[in-house]
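Take a look at the structure set out below.
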Amino acid sequence: MENVIIIGTGCAGYTAAIYTARANLTPLLLSGTQPGGQLTTTTEVENFPGFPEGIMGPDMMMAMQKQAEKFGARIQYATVESISKEDDGIFKVKIGEETLESKTVIIATGAAPRHLGMPNEKELIGHGLTSCATCDGAFYRDVPVAVIGGGDSACEEASFLTRFASKVYLIHRRDELRASKIMADRALANPKIEPVWNSGVTEYLTDDKSEMRAVKLKNLVDGSESELDVECVFVAIGHVPNSSFVSGLVDLDENGYILQTPGRTSTKTSGLFAAGDVADHFYRQAITAAGQGCAAALEAERYLADHE
Ligand code: NAP
């Protein structure tokens, strides 16, 4: 029987692990399909306090893992299929053939990249369609590529891709970026980045090897259509929270984010807490996810003390 199972190993999960481990609760972390979370797919993190020179996302996550393990947190590489709570108050966490038992659970599963929903999307992933510039950017040297989106992620991806690509088209559905001013200015000042304003991608076009060769564009102001030759499309249009496996025990908002008790990380099921991007559609920052991980750990600790 575990005291605390933490599902997810992003900033929220590792912070919850550091706190619960230091409280002698020997937490078990379940890593999911992307150990280290979203920051493992990013480049430099410039806004996490304590790193004036910035730190690479994967390095930061490795440091968090090391810190959690140092205090006794254990990590199991497993994807949770479902959670239930029995009449005796114990949670059952199903991972494949195995079912784990725990007195409390902290859900810190984050969010996954959103896609446009094109019919040939699944087949194209890895063949010219991706949401991770750090993972795939280097495969597209001296060729034109496109980034879809207008937020911080799109600007960051576009700036990073200029290291490799001959040209980076930044395709956005409006004529103004949503990104923070510093990221937007940096992207728009880069001579290799060409914004394509007021435009939506209506089709991914492939060559005879089923690799991406172009996108079909629709101008959302005048309705005109055109084609843009690109060898890779990097989609950066936001995220979908990873919350489907926990249905029943929590309430979700209309976009699938877990609803917490106002001002707390607790959910409608006592002993079940949610932290980070799976519950936060508003801030979605590494530092706020870490803060929520800390809060969830403290709440779990108090819940256990009250129920011992
Ligand atoms: P985001 O801020 O939600 O931006 C998503 C972008 O995609 C928006 O420009 C949106 O257009 C566009 N979009 C959404 N759905 C679309 C669709 N169906 N078709 C076409 N375009 C669509 O997401 P994000 O850029 O991933 O950022 C998420 C959070 O992480 C933000 O809080 C951001 O500040 C943070 N972040 C920070 C950093 C950093 O500071 N280093 C880096 C990356 C992300 P509209 O603008 O028209 O809505």
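Observations
- Of the residues making up region 38-91, those that are of a type in the set (S, T, N, Q), out of contact with any strand residue (DSSP E or B) (no Cβ under 8 Å at 6 or more places or on another chain) and surrounded by 14 or more Cβ atoms within 10 Å (Cβ to Cβ) are 40, 41, 42, 67.
- Selection status of residue 96, free of Cβ contacts under 8 Å to residues at least 24 places away in the same chain and either among the small types (Gly, Ala, Ser) or assigned by TED's automatic domain parsing to the domain that holds residue 182 (or both): yes
- Breaking point among (1) within 16 Å of the ligand (Cβ to nearest atom); (2) part of a loop (DSSP other than H, G, I, E, B); (3) surrounded by 15 or more Cβ atoms within 10 Å (Cβ to Cβ), for residue 269: (1)
- Restricting region 187-212 to residues that are small (Gly, Ala, Ser) and more than 16 Å from residue 167 (Cβ to Cβ) leaves a set whose member that is surrounded by the fewest Cβ atoms within 10 Å (Cβ to Cβ) is 210.
- Residue pairs meeting the criteria (Cβ under 8 Å; at least 6 apart or on separate chains; first closer than 16 Å to residue 12 by Cβ and not assigned by TED's automatic domain parsing to the domain that holds residue 135, in region 36-64; second within 12 Å of the ligand (Cβ to nearest atom) and of a type in the set (Asp, Glu)): 38/277; 42/156; 57/44
- Taking the numbered list (1) farther than 20 Å from residue 94 by Cβ; (2) within 15 Å of the chain's Cα centre (by Cα); (3) buried (at least 23 other Cβ atoms within 10 Å of the Cβ) in turn, residue 278 passes all entries but (1).
- With respect to being closer than 24 Å to residue 40 by Cα and either modelled with pLDDT of 95 or more or part of a helix (DSSP H, G or I) (or both), residue 289 fits the description.
The values are calculated or read from the model by the stated rules, or taken from the named source; none is laboratory data. All values derive from a computational prediction rather than experimental measurement. We place every Cβ from the backbone using ideal geometry, glycine too, and count neighbours over all the protein chains shown.
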